[in-house]
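**Student:** Here it is, the structure, as structure tokens.
The values are calculated or read from the model by the stated rules, or taken from the named source; none is laboratory data. Keep in mind it's a predicted model, so treat the numbers as computed, not measured. Cβ atoms come from the backbone with ideal geometry, glycine included; neighbour counts cover every protein chain shown. All accessible areas refer to the heavy atoms of the entire protein, side chains included, with ligands and DNA or RNA removed. Shrake-Rupley method; radii C 1.70, N 1.55, O 1.52, S 1.80 Å.
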Amino acid sequence: MNLSKRKSEFLFFATAFSVAALTIAALPSLTNSIARASGAGLDVEVPFEIKALKAPGLVAPYFLQDNHGAMVVSDQAGGVYSVTFGGKVTALADKTKVRNPAGVAVGPAGFGSYEGNIFVLAATGGIKGACEVERIDKSGAVSTFAKLPDAAATECRDLEFGAAGSPFAGKLYAAASGNATIYAIDSSGKATVFGTYNKPLVFELTTITFPPASDSKAAGMMLVGMRAKGSFASKVGRISIVGPDGKMKDEVYLVGFTRPSGFAWSPSSFGSYSDELLIADTGKFAAENDNERDGNIYRVEKDLARPFASGLMDPTDMKFIGSKAVICDPAEKGKGQGAIVIISSLL
């Protein structure tokens, strides 16, 4: 045995461990408290930071999308806005132009002549009104792009373009929870029923996501967050797999949530949890839950959802923009007073 070599290796690893320990010790506190209605504030695992973005002009951020590194955000109080990570808020269409907005989407190349246009699913006739898709062009003009064919399509939720290179490409998909239906919309504005999910239970729909081609369970499929309507059990929320034919698969992608409301795969720059699926769970709505902070973020490792961040109020959507996880929470500061919450790696 070469004792001098073993001694050298030991000294190398001891030095590396000491440097790592000093680096972590030097990091600022990673448990942040922000303005809140009640509860212990926001918490996240080391070495990540979680904080609320100061964005004057936003009231209750609801859904969001990435637009070349900036955020496009719908506000439950009305309007659609562009938001920077510096907190600058610019109205793309204010609350007088878009009322009761929900999901937002940015037109991709090849979707007619609408590349870069902003689409928003909204109940323009009133909060209980039928959902329709509004289009905001680059000049800020707003027009109705598509009307969902079922007048009972209320409770507007998510709006997503099909993933490029997948069977869903070239279509815009809108989720309406009032009738548990997803609609497919082409570039001419024609909307058709893609799938209705009311058997064996009527489901409340929350969000639509398309997994990467590398996903072993659902590549080339659509993932839909849902929860059985009228259920009082806390962990009946699920992420279901829907095929290009609009039919829900018998196999469930993940179960055990209260209300899975946003999920996305982290980029390679997201610290020690790169290339993992993160899931936002709304929990019970604050207005029905004495403002309890039961909103959580989970990360999926080896098909198990593990706690990652907690202390949110009502997270309703989550996307990755650059190297940051961005979460809309329309009740973060109390009923009807929300914030955009940012999680970033400190490594």
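**Student:** Out of everything in the stretch 235-255 that is touching a Phe, Trp or Tyr at 6+ places or on another chain (Cβ under 9 Å) and of a type in the set (G, A, S), what residue ends up being surrounded by the fewest Cβ atoms within 10 Å (Cβ to Cβ)?
**Tutor:** Here the residue is G246.
**Student:** Moving on. Is there any pair with a first residue in the stretch 64-86 that is more than 19 Å from T206 (Cα to Cα) and a second that is surrounded by 23 or more Cβ atoms within 10 Å (Cβ to Cβ) and at pLDDT below 95 whose Cβ atoms are under 7 Å apart and which are 6 or more apart or on different chains, and what are they?
**Tutor:** Close Cβ pairs satisfying both conditions: none exist.
**Student:** State the number of residues belonging to the stretch 262-306 that are surrounded by 23 or more Cβ atoms within 10 Å (Cβ to Cβ), polar (S, T, N, Q) and outside any loop (DSSP other than H, G, I, E, B).
**Tutor:** Adding up the residues that qualify gives 0.
**Student:** Here's something else I'd like to know. Report yes if S214 is touching a helix residue (DSSP H, G or I) at 6+ places or on another chain (Cβ under 8 Å) and polar (S, T, N, Q), otherwise no.
**Tutor:** Numbers: touching a helix residue (DSSP H, G or I) at 6+ places or on another chain (Cβ under 8 Å): no; polar (S, T, N, Q): yes.
So S214 does not fit the description; no.
**Student:** Considering only residues that are closer than 17 Å to K229 by Cα and of a type in the set (A, V, I, L, M), which ones fall in the stretch 172-204?
**Tutor:** A175, A176, A180, I182, L201, V202
**Student:** All but one of (1) in a strand (DSSP E or B); (2) within 18 Å of Y183 (Cα to Cα) hold for G246, so report the exception by its number.
**Tutor:** (1) is the only condition that G246 fails.
**Student:** How many residues does the stretch 275-294 hold that are under 17 Å from the mean Cα position of the chain (by Cα) and closer than 14 Å to L312 by Cα?
**Tutor:** Qualifying residue count for the region: 8.
**Student:** How about the stretch 219-234: which of its residues are touching a Phe, Trp or Tyr at 6+ places or on another chain (Cβ under 8 Å) and under 20 Å from R306 (Cα atoms)?
**Tutor:** Passing the criteria: L223, V224, G225, M226, R227.
**Student:** When you scan the stretch 89-154 for strands (runs of 3 or more DSSP E) that lie fully inside it, which ones turn up with 3 or more residues that are open to solvent by less than 40 Å² (accessible area, probe 1.4 Å)? Even if it seems obvious, please write down each step before you answer.
**Tutor:** Details: elements: 89-93, 101-106, 118-122, 132-136, 142-147.
In the stretch 89-154, the matching strands (runs of 3 or more DSSP E) lie at 101-106, 118-122, 132-136.
**Student:** If you go through the stretch 321-346 one residue at a time, how many are in contact with a strand residue (DSSP E or B) (Cβ under 7 Å, 6 or more places away or on another chain) and open to solvent by 30 Å² or more (accessible area, probe 1.4 Å)?
**Tutor:** The number of residues fulfilling the criteria is 4.
**Student:** Shifting gears a bit: Does M318 meet the test of being open to solvent by 40 Å² or more (accessible area, probe 1.4 Å), under 24 Å from L223 (Cα atoms) and aliphatic (A, V, I, L, M)?
**Tutor:** Considered against the rule, which asks whether it is open to solvent by 40 Å² or more (accessible area, probe 1.4 Å), under 24 Å from L223 (Cα atoms) and aliphatic (A, V, I, L, M), M318 comes out as no.
**Student:** Same structure again: Considering only the stretch 200-230, state which residues are open to solvent by 40 Å² or more (accessible area, probe 1.4 Å), more than 23 Å from L64 (Cα to Cα) and of a type outside the set (A, V, I, L, M).
**Tutor:** Listed by number, the residues that qualify are P200, S214, S216, K217, K229, G230.
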